Each structure stands twice: as C-alpha cells, then as structure tokens.
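Presented below is the structure to which this report refers.
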Amino acid sequence: MQGLIGKKVGMTRIFDEAGRSIAVTVIETGKNVVHQVKTIEKDGYSAAQLGFQEVDEKKTTKPRLGHFKKLSTTPTKVIREFKLDQGEQVNAGQKIGVEILENVKYVDIIGTSKGRGHTGTIKRYNFERGRETHGNTNVRERGSSGANTFPARVFPGLRMSGHMGAERVTIKKVKVIALDKESGLVFVEGSIPGFDNAICYLRKNITKQSHTG
C-alpha cells in the first residue's frame, strides 16, 4: 500500500538517542478499511480505495451509502484511493494500519492549509511596510500596480491582496521519526498543513527511499 488516510492530532517533541529535541507532528491513522480493490483486468490499474473515520448511515449521502452497501463495508467519512505495492494483495473489508510504514523513512503529506481569509500583501507575500515620515500615508498598502498608458492593464499573477490559505498543499520528503502501532500513530518531523483534527494523506516518497537506500 502506497499510503494512508490520517488525522492531524497536534505537535509535540521527541528526544533522540543523543538527547536532542525533535519537533514532531502526531498523525492518527488508526485502521483504514479497504472498501474496494481496483484491478488491472477490470479497471486498468491496481489500487485500493481506503476509508477513514466510521460514521453513521444517517450522516452519509445516498450515493456513498449505496456504494458502501454494494461493497458490504462500513460507511466512512473519508475515502481515497492509493496504489498498491508490486505484488501486494488486499481484500475488501481488510484493515490497514501504520505497519505499512515500518521500513519507510520519508513520506509525502497532503493536506489543506489553514484559511486566513482576505489578507494584505505584507501577510500574504512578506512585503515591507512603507515609511511613516513626511506625511506618507501609504504604510501597509501595496502601492502602484505599475500599469500605464502601455500596457494599460495589470498582468495576470501580480502579487496583490486577496484570499490566503485553505488550499491543497503537498509537503514532500517528510522524515518519519517513529510509529506507534498499538495506538495507530505516526510521528513525522516538523509541521504539516492544516489545523488540529484536520484530515491529511500520507504517501510513501519513492524517490527519497531509493536515494537513501
């Protein structure tokens, strides 16, 4: 299995063998349930559809509920497909845990960043403040956009104030520090996108594994 669905619990610290403090993010994956298995013969590719966070049928949409009943699996809040490792065999209803990351040193983490609302250019792009002397009132404003008679327009992609955050973010090559198989927890180095209890996806970083051996 190439990945797992998890939930960001929060941040803490772990001390290594040398006594150095390492800031880590705790991700709770628990046991992902296999809803559906995609095969090359039937679907054209090999993958497994995983589910995370079991929910009551009343809180599930009718299309998804029909999907779960057809597969005879428990309804879950989140579903996502992950590719299977070469030669790996899984069955519908099987539980997948953090044991698939036992010999994995690095993972890619996909999540949704925190929403910051409408922000100015100082917060959004780290612009500098304007001077506050000699009657200048343009302190935190962006200033001129640079357009004149020619080209008489603002070029697309110009950094201006606007909505910040609430975007899909992928952080690659995040180091796996430790695993807790009993509690279904993954400890990764540094921070990851999203607020506490936000859903995130862990995916094995194949490129990093091959370079590090």
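We did not get these values from a lab; they are worked out from the coordinates using the rules stated. This is a predicted model, so every value here is computed, not measured. FYI the Cβ positions are ideal-geometry reconstructions off the backbone, even for glycines, and counts take in every protein chain you see.
Using C-alpha pairs under 8 Å with a sequence gap of at least 6, the mean separation divided by the residue count of the chain gives a relative contact order of 30 percent. Close amide H pairs (under 5 Å, H built 1.01 Å from N) link S161 with T121, residues at least 5 positions away or on another chain.
Here is how the number arises for the chain: DSSP H runs of 4 or more residues each give -39500 (n - 2.57), the sum is divided by the residue count, and the result at 222 nm is -3000 deg cm²/dmol.
Cβ-Cβ distance of E102 and F195, R₀ of 30 Å, FRET efficiency by 1/(1 + (r/R0)^6): the value works out to about 0.55. To the nearest ten degrees, helix 62-71 and the longest principal axis of the Cα atoms of the chain are 30 degrees apart. State log₁₀ I(q)/I(0) for segment 44-108 at q = 0.17, 0.25 Å⁻¹ as given by the Debye formula over alpha-carbon point scatterers of equal weight, solvent excluded. For segment 44-108 at q = 0.17, 0.25 Å⁻¹, log10 I(q)/I(0) is -0.71, -1.20. Estimated at 0.36 nm per residue, the fully extended path between I206 and I171 surpasses their Cα-Cα distance by 11.2 nm. Full extension of the segment from V154 to H134, taken as 0.36 nm per residue of separation minus the current Cα-Cα distance, would add 4.2 nm. The A18 and S183 beta-carbon pair, evaluated with R₀ = 22 Å, returns a calculated FRET efficiency of approximately 0.30. The Stokes-Einstein estimate for segment 117-164, based on a Kirkwood radius over Cα pairs and taken at 4 °C with 1.567 mPa s viscosity, is a diffusion coefficient of 106 µm²/s. Each label was represented as a point 7 Å from its Cα along the Cα-to-Cβ direction; for T112 and Y45 these points are 2.2 nm apart.
If the chain between E141 and I122 were fully stretched, how many nm would it gain, using 0.36 nm times the residue separation less the Cα-Cα distance?
Going from the current span to full extension adds 6.0 nm.
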